[in-house]
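First comes the structure, then the notes that go with it.
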Amino acid sequence: MGEKRFSLEGGQGSMDAFVVSEKRETPQSIQHRKGIEQIAALTAYDYSMAKLLDAAGVHLLLVGDSLGMVILGYPDTTQVTLDEMEHHVRAVARANPRGLIIADLPFKSYETPKQAVLSAKRLIDAGAEGVKAEGGQKILPQVESIISAGISFLGHIGMLPQNVVEEGGYKIKGCDNEEKDALLADALALTQAGAFGLVLELVNAQLAHEISQSVEIPTIGIGSGNDCDGQILVTTDLLGTSPDFIPKHVRPELLLRDNMVGMLRDWKESLTNRK
């Protein structure tokens, strides 16, 4: 479909026009990047951020349940509801980005195959173009039912944030033979079920490399080394605006939150000094 010149106007921080592709991403276009081009994926929770990610040409926009911590102030992702996910998916979809919109199925919303399909359909109706759920062989019946319903599915193995309370923290996975074998089996099972891609979170880097070489679908890493077929980050971590802490696998070039606080203070002081 060619290319389009895009610019962000206004203020001293105006950006020069730059060129982005007009072609919309699909699960198939994401798959076809394996071994050819690194997949860039970032989280989006609202209209404004989705527009910025679109301007940057990001391939995949994840409406992640990480919004529970970043946007809603929950201690972890387990308190996020399907209603809340649906609300944020609608906001992102209104931006009409070229990047593929994938939405997380929240905690306890895919306990059975029937529930998984009903939950996934709600997110699709809200504007998502596919869904993601955490787990491998343990949720295979749910995954197969989602895909059989004609809904694109992105897998997620390794550290599963929805299990953080149960496991007592965020830990690197695949460091012993038992975990390694289980993760390889999970990756192969999700591939055979028809997942179009696979997020590897906090997976031992050598194992992430091995999984990436073993499956035909692209792997998208987060804290799993540099050998995956793409990378995904929480956007506020990348920009340095996350309110509490930034994971050690993210090294933002600039903590924008410090600059933002400075701008806000300058504005407040300008009011005080105004005659």
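The values are calculated or read from the model by the stated rules, or taken from the named source; none is laboratory data. Just so it is clear, the model here is predicted, and its values are computed rather than measured. Every residue, glycine as well, gets a Cβ built from its backbone with ideal geometry; the counts of neighbours run over all protein chains shown.
One residue is enough: does segment 62-81 have a residue meeting the conditions closer than 18 Å to PRO218 by Cα and part of a strand (DSSP E or B)? The answer is yes, given that some residue of segment 62-81 is closer than 18 Å to PRO218 by Cα and part of a strand (DSSP E or B).
Being in a loop (DSSP other than H, G, I, E, B), of a type outside the set (S, T, N, Q) and crowded, with 24+ Cβ neighbours inside 10 Å, is that true of even one residue in segment 106-117? Scanning segment 106-117 turns up at least one residue that is in a loop (DSSP other than H, G, I, E, B), of a type outside the set (S, T, N, Q) and crowded, with 24+ Cβ neighbours inside 10 Å. Among the residues of this structure, GLY158 counts as one that is under 23 Å from SER212 (Cα atoms) and in contact with a helix residue (DSSP H, G or I) (Cβ under 8 Å, 6 or more places away or on another chain). Only one of the numbered conditions (1) out of contact with any strand residue (DSSP E or B) (no Cβ under 8 Å at 6 or more places or on another chain); (2) under 11 Å from THR235 (Cβ atoms); (3) assigned to a loop (DSSP other than H, G, I, E, B) is violated by LEU52, and that is (3).
Residue-level check: of (1) buried (at least 22 other Cβ atoms within 10 Å of the Cβ); (2) under 17 Å from the mean Cα position of the chain (by Cα); (3) over 21 Å from LYS132 (Cα atoms), SER242 misses just (1). Residues of segment 156-187 that are assigned to a helix (DSSP H, G or I) and either under 13 Å from SER224 (Cα atoms) or under 21 Å from the mean Cα position of the chain (by Cα) (or both): PRO161, GLN162, ASN163, VAL164, VAL165, LEU183, ASP186, ALA187. State whether one or more residues within segment 21-37 are surrounded by fewer than 20 Cβ atoms within 10 Å (Cβ to Cβ), modelled with pLDDT under 95 and not in a loop (DSSP other than H, G, I, E, B). Yes, segment 21-37 contains a residue that is surrounded by fewer than 20 Cβ atoms within 10 Å (Cβ to Cβ), modelled with pLDDT under 95 and not in a loop (DSSP other than H, G, I, E, B). Confirm whether LEU254 is modelled with pLDDT under 95, of a type outside the set (Gly, Ala, Ser) and either part of a helix (DSSP H, G or I) or exposed (fewer than 14 other Cβ atoms within 10 Å of the Cβ) (or both). Yes; evaluated as a whole, the condition is true for this residue. The set of residues in segment 139-155 that are more than 17 Å from the chain's Cα centre (by Cα), crowded, with 16+ Cβ neighbours inside 10 Å and not in a loop (DSSP other than H, G, I, E, B) comprises ILE139, LEU140, GLN142, VAL143, GLU144, SER145, ILE146, ILE147. Residues in segment 210-223 that are among the small types (Gly, Ala, Ser) and at pLDDT 95 or above: SER212, SER214, GLY221.
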